[in-house]
Amino acid sequence: MAVLLVGSNPGLALHDGDGPPVAFVSVWRVDWSVRGAGTALVLSHSGRVRVVTPVPELGRWLADAFNRHFPEVAGLPWSEPAVTAAPVRLDLDPATGLTATAADVTVEISGPMDRRRVDVAAFPGNGLRLSTVYTPCAEGRLTIAGRRVDGAPRVTGASSTAFLADAEVWSD
């Protein structure tokens, strides 16, 4: 079993009512991977997929190898990502949440409700093994070009579509 990636990957899916998500954003801090280290933001909103990262090759790989298989994007169109080379400013605190800014996108996730280790032997879609510390959060906001995206995280019991995922390891 070869390790492919070590890092963190908080995410936020916004819902407007009971339907599929209206937007999903994934914030990556890759401490080490077979494709290098770096930060990236992968966003699906308004029918398009964007990647913002200072390392475009890494960002494309994250979107293709991981994000397009996430259950949070199942109700969203997935197209070839438009890549913007820009820095990602990331502040992740497992006790309080996350703030990340990249180009014209800001992600805020707060209100941790729980923490638990998650192990997936074969992740749907890519078959990779995943181990992470999942922290569902009560609140999340996504702002694009100065406008807040409508919708809210879906919170069900001890789960939420606003979450932190830290100490994350993907392997084959």
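Over the chain, dividing the summed -39,500 (n - 2.57) contributions of all DSSP H runs of at least 4 residues by the number of residues returns a 222 nm mean residue ellipticity of -1500 deg cm²/dmol.
Put simply, when 4-16, 72-84, 44-56 are sorted by average Cβ atoms within 10 angstrom per residue, most first, you get 4-16, 44-56, 72-84. In whole Hz, what ³J(HN,Hα) sequence does the stretch 92-101 give by Karplus (6.51, -1.76, 1.60; θ = phi - 60°), x for Gly and Pro? With coefficients 6.51, -1.76 and 1.60, one gets 10, 10, x, 7, 10, x, 9, 10, 9, 9 Hz.
Ranking of ILE109, ILE144 by neighbouring Cβ atoms within 10 Å, starting from the fewest: ILE144, ILE109.
In sequence order, the stretch 13-25 has phi-based couplings of 10, 9, 10, 10, x, 8, x, x, x, 8, 7, 9, 9 Hz under the Karplus curve 6.51 cos²θ - 1.76 cosθ + 1.60, θ = phi - 60°, and Gly or Pro positions carry x. For volume of the Cα convex hull per residue in Å³, computed directly from the structure shown, the correct entry in (1) 127; (2) 101; (3) 192 is (2). Once both labels are positioned 7 Å from their Cα atoms along Cα-to-Cβ, the gap between MET1 and ARG154 label points is 3.0 nm. Computed from phi, the 3J(HN,Hα) profile of the stretch 164-172 under the Karplus parametrisation 6.51, -1.76, 1.60 (θ = phi - 60°) reads 9, 9, 10, 6, 8, 10, 10, 9, 9 Hz, with x in place of Gly and Pro. Once you reduce the stretch 109-124 and the stretch 21-92 to the center of their Cα atoms, the two points are 18 Å from each other.
Computed from the coordinates by the stated procedures, all read-outs in this text should not be read as laboratory data. On a predicted model such as this, the values are computed, not experimentally measured, just so you know. A quick note on method: Cβ atoms are made from the backbone with ideal geometry, for glycine too, and the neighbour counts reach across all protein chains shown.
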